[in-house]
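These notes concern the structure reproduced below.
The values are calculated or read from the model by the stated rules, or taken from the named source; none is laboratory data. Please read all numbers here as calculations on a predicted model, not as lab measurements. Because the Cβ atoms are built from the backbone with ideal geometry, glycine has one as well, and the counts that use them run over all protein chains shown. Calculation scope for accessible area: heavy atoms of the full protein, side chains included, ligands and nucleic acids excluded. Shrake-Rupley method; radii C 1.70, N 1.55, O 1.52, S 1.80 Å.
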Amino acid sequence: MVKRMFDLLVSILLLIAFSPIILIIAVSVKMKLGSPILFRQMRPGLNTKPFYLYKFRTMINATDINGHLMSDQLRLTSFGDFLRRYSLDELPQLFNVLKGDISLVGPRPLLLEYLPLYTEEQSKRHLVKPGITGWAQINGRNTISWEEKFYLDIWYVENRTFILDLKILFLTIKKVFKSEGIKHENHSTMPVFKGRLDENERM
């Protein structure tokens, strides 16, 4: 209950404080990238319940000669890269917090198609609400491996406290200003997760 009340209070205050910036970004996205302004994608939340995650659009809809979307790296614009570098593309997720889809702090919501690929241990990340930021985000973000990312997510699930959430939020602000950990090597964010079996599943 305390975490939820804190999420509501902080997200409302942030939306008020950043409303001019949100408006400027929305207009800029419309002018530079076109419509839609928001990128909306279904993600798994608490207990894998799906919800729509909102972000500002950062890519163009460029396709190859066969009509297929080109890679993220080729579609990501310099303006979109700027939004991602300072996490400005994630400001609309404050509305997800208001709706109760996510929390300010928790494991980042990944793709629905990853769900069948998780080991039993990795699936524990869905025992709590996902978050805008989390323990993995302040300990490497997209520069660490999937194995490390899941380890950090599970550590948070098993050790979460209100004080830890405050620490994560404070360190997130520092990370954003330094624009650290945005890209994995040779990828615009992270490579596709292809799953990894634990020792019991290999037998």
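Checking each residue in region 15-44 for being outside any strand (DSSP E or B), open to solvent by less than 80 Å² (accessible area, probe 1.4 Å) and hydrophobic (A, V, I, L, M, F, W, C) picks out L15, A17, F18, I21, I22, I25, A26, V27, V29, L33, I37.
Within region 1-37, the set of residues being touching a residue at least 24 places away in the same chain (Cβ under 8 Å) and polar (S, T, N, Q) comprises S11, S28. The set of residues from region 45-59 being on the phi < 0 side of the Ramachandran plot, loosely packed, with under 13 Cβ neighbours inside 10 Å and in a helix (DSSP H, G or I) is empty.
This table checks each residue for (1) open to solvent by less than 40 Å² (accessible area, probe 1.4 Å); (2) over 13 Å from the mean Cα position of the chain (by Cα); (3) closer than 25 Å to I25 by Cα.
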site	(1), (2), (3)
L94	yes, no, yes
S103	yes, no, yes
R108	yes, no, yes
E113	no, yes, no
P116	no, yes, no
R125	yes, yes, no
G131	yes, no, yes
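Highlighted here are the helices (runs of 4 or more DSSP H) found entirely within region 131-203 that include at least 2 residues which are of a type outside the set (D, E, K, R) and either out of contact with any strand residue (DSSP E or B) (no Cβ under 9 Å at 6 or more places or on another chain) or at pLDDT 80 or above (or both): 146-159, 162-178.
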